[in-house]
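The values are calculated or read from the model by the stated rules, or taken from the named source; none is laboratory data. None of these values were measured; they are calculated from a predicted model. Glycine gets a Cβ as well: all are built from the backbone with ideal geometry, and neighbour counts include every protein chain shown. SASA here: full protein model, heavy atoms, side chains in, ligands and nucleic acids out. Shrake-Rupley method; radii C 1.70, N 1.55, O 1.52, S 1.80 Å.
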Amino acid sequence: MPGKAVKTVSEREGGTVAAGRESAVSIEDVAVRFRSRKRDVTALHDVSVDIAMGEFVAIVGPSGCGKSTLLKLVAGLLKPSSGAVRLRGERVAGPRHDIGYVFQRAALLEWRSARRNILLQAEMRKMPADKARARTAELMAMTGLTGFEDALPHELSGGMQQRVALCRALLHEPPVLLMDEPFGALDALTREQLNIEMNRIWRETGTTILLVTHSVAEAAYLANRVVVMSERPGTVAEVIDVDLPAERDYAATMARPEFARVTNRVRDLLGAGAAAD
Ligand SMILES: Nc1ncnc2c1ncn2[C@@H]1O[C@H](COP(=O)(O)OP(=O)(O)O)[C@@H](O)[C@H]1O
Ligand SMILES: [Mg+2]
């Protein structure tokens, strides 16, 4: 029917998503309270964020403001005390399989080779073996691990171990990738290399990425939006659009006025000291 626009999932459900694109993650008025016999902790309150398919969103904020809690909500590992979380329009009601998760520690099985650590994901999900092997080879090539298929974790540098963890998280081609301070334990040069690779992987795979980081530069270099959170009880202080092209040369990007604008704004919001690693 001419003139009749097809509505996205988010529009049908009344969501608001950047540029009218389909919603990948929608966090609606979420609060999380942890109760124990000794004390109650409000980890998050009044948190609303809408993330469209294909976005790269960085989340920064002081320690203990609820960044990891927020990712756990999206993964369905934790239930909000109030509010709702939707993944691709569907309410998250338990652990989700259509996500990938990367943590600060690679958490590889030390007796398994790099390739077999990646294939663990396929075994858990009962993926067809041929497809899993082909995808593993592709991912290892994309992350510069070709030639290290049979290496054991202790034979790999910290950066390479994190690349293996990243391949494992991407093996089942999840539409949404959650990364919780994935490069925090790496030295500065390795971290820079992995940042450059993440920009390329994001562009090549089209994966929606949520990255928690303490590095203001990493957030501004990688993300198209930066969510700045306030001290506990964590809430969204500001969402900053990063007006830079998707393809980002490392040094040239950092020299751009827009990069300085974003990092200065984030630092202003976090206050001196809070931005330090
Ligand atoms: N399972 C839990 N039980 C009780 N308190 C928790 C639990 N998980 C996190 N918290 C508390 O919630 C707050 C937010 O934690 P977290 O999301 O890990 O913060 P961040 O990742 O921003 O450092 C912290 O005060 C933390 O101690
Ligand atoms: Mg954390």
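Loop-only GluC sites (Glu not before Pro) in segment 87-152, please: DSSP not H, G, I, E or B, and at most 13 other Cβ atoms within 10 Å.
In loop regions of segment 87-152 (DSSP not H, G, I, E or B), the sparsely surrounded GluC sites (Glu not before Pro) are Glu110.
Give me the extension gain from Ser82 to Glu247: residue separation times 0.36 nm, minus the current Cα-Cα distance, reported in nm with one decimal. Present the calculation step by step, with values, prior to reporting the outcome.
Numbers: separation 165, 0.36 × 165 = 59.40 nm, distance 3.81 nm.
Working it through step by step, the gained length comes to 55.6 nm.
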If you wrap a convex hull around the C-alpha atoms of the chain and split its volume per residue, what is the figure in Å³? 163 Å³
Find the relative contact order for the chain and round it to a whole percent, using C-alpha pairs within less than 8 Å whose residues are 6+ positions apart. 23 percent
Mind telling me which of Gly94, Gly147, Gly61 comes out most flexible in a GNM of the chain, alpha-carbon contacts under 10 Å? Gly147
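Taking only C-alpha pairs under 8 Å that are 6+ residues apart, what is the relative contact order of segment 108-172 in percent?
Numbers: 72 pairs, mean separation 34.5, N = 65.
Across segment 108-172, relative contact order equals 53 percent.
Using 1/(1 + (r/R0)^6) with R0 = 22 angstrom and r between the beta carbons of His154 and Leu120, what's the FRET efficiency to the nearest 0.05? It would help to have the intermediate numbers written out before the result.
Values: r = 17 Å, r/R0 = 0.78.
Result of the calculation: an efficiency of 0.80.
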The answer for GluC sites (Glu not before Pro) in segment 168-275 that fall in a DSSP coil and have at most 14 neighbouring Cβ atoms within 10 Å is Glu247
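Can you pull the percent of the chain's accessible area that's carbon plus sulfur, 1.4 Å probe, other chains left in place?
Result for the chain: 51 percent of the exposed heavy-atom area is carbon or sulfur.
Just for the chain, what percent of DSSP beta bridges are antiparallel, to the closest 5? Could you put the intermediate results ahead of the total?
On the way: 21 of 39 bridges.
Counting only bridges with both partners in the chain, antiparallel ones make up about 55 percent.
From the helices alone, meaning DSSP H stretches of at least four residues, give me the mean residue ellipticity at 222 nm for the chain, per-run term -39500 (n - 2.57), in deg cm²/dmol to the nearest 500.
Details: 9 runs with 96 residues, N = 277.
Dividing the helical sum by the residues of the chain leaves -10500 deg cm²/dmol.
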Accessible area expressed per residue, segment 108-172, with surrounding protein chains retained (probe 1.4 Å, Å²): 49 Å²
Principal axis extents for segment 108-172, Cα atoms only, whole Å, descending order, please. 30, 23, 17
Taking alpha-carbon centroids only, segment 198-237 lies from segment 169-187 a number of Å equal to 12 Å
Less than 12 Å apart at the alpha-carbon level, and either on another chain or at least 8 residues along: which aspartates and glutamates does that give for Lys67? Asp180, Glu181, Glu231
Along the Cα→Cβ direction, 7 angstrom out, place labels at Arg265 and Arg112. What is the inter-label distance in nm? 4.2 nm
Summing Lys, Arg as +1 and Asp, Glu as -1, what charge do residues with Cβ under 10 Å from the Cβ of Asp243 carry, Asp243 excluded? 0
